[in-house]
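*Asks:* What follows is a structure written as C-alpha cells; I'll ask about it next.
The values are calculated or read from the model by the stated rules, or taken from the named source; none is laboratory data. It should be emphasised that the depicted structure is a prediction, and the values quoted were computed from it without experimental measurement. Surface accessibility is based on the protein's heavy atoms, side chains included, excluding ligands, DNA and RNA. Shrake-Rupley method; radii C 1.70, N 1.55, O 1.52, S 1.80 Å.
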Amino acid sequence: SQLLDTPGFKRILNEPDQLGQTPLHLCCQNGHTKVVHLLLHKGAQLTKSYDGNTPLHEAAAHGHLSTIQTILQAHTHLINSTNRLGMTPLHCTASNGHAECVDFLLSKSAQFLLNSDNETFFDLAIMKKQKHVCLTVIAHER
C-alpha cells in the first residue's frame, strides 16, 4: 500500500502493457477484488485494452463475481460495453460457463445484445455446451 502513495504511482496506475491492459485489467482477470477496489479508489481508469475489453469484461470472462460486483457498484454504465467483437461482459461470462456471473448480470438488467457474428450470450452458451449457464438462463425470472 506504500507503493500507492509514491509520487510516480499515478503515472503507472493507468499505464497499458503491450496488449493495452492496465494493472486494473490484470487484477480483474485474476479476481483480486480488494486490489481492484483499492485501484479504483486511487483513480484507476476503466479503459479498454487493444481488443476492446474493459476490466469488467476480464472479470466476467474469468468468472470473478465479487470483482464484477465491485466494478458495477461504481460503474454501472459498463454493464453493456462491447469489445471489438461486439461482445458484452454477459457474452464473455456465458461463453466461458460462469453461471453465477450470468445470473448476476441478468439480475442487473444486462441487455441481450448481438455480437459482430449476430449471436446473443445465450447462443454462445448453447454453442459451447455450457449446460449450467443454459439452465441458469432458463430458470431466471427474466
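*Asks:* In the chain, what percent of the accessible surface is made up of carbon and sulfur (1.4 Å probe, ligands and nucleic acids excluded)? Walk me through the intermediate numbers first.
*Replies:* On the way: 4160 of 7780 Å².
Within the chain, the accessible surface is 53 percent carbon and sulfur.
*Asks:* Follow-up. Could you point to the label whose value was computed as Cα Rg over 2.2 N^0.38 Å for the structure here, given (1) 1.22; (2) 0.98; (3) 1.07?
*Replies:* Structure-derived value, by its label: (3).
*Asks:* Given 0.36 nm per residue, what is the gain on full extension from residue 118 to residue 45 after removing their alpha carbon distance, in nm? Walk me through the numbers on the way to the answer.
*Replies:* On the way: separation 73, 0.36 × 73 = 26.28 nm, distance 2.98 nm.
23.3 nm is the gain from fully extending residue 118 to residue 45.
*Asks:* Determine the alpha carbon to alpha carbon distance for each of 108/128; 34/131; 48/108; 34/108 and list only those over 26 Å. Working shown, then result.
*Replies:* Working: 108/128 24 Å; 34/131 31 Å; 48/108 22 Å; 34/108 22 Å.
In this structure, 34/131 exceed 26 Å between Cα atoms.
*Asks:* Taking only protein heavy atoms into account and a 1.4 Å probe, give the accessible area per residue of segment 7-142 in Å².
*Replies:* On the way: 7210 Å² over 136 residues.
It amounts to 53 Å² per residue over segment 7-142.
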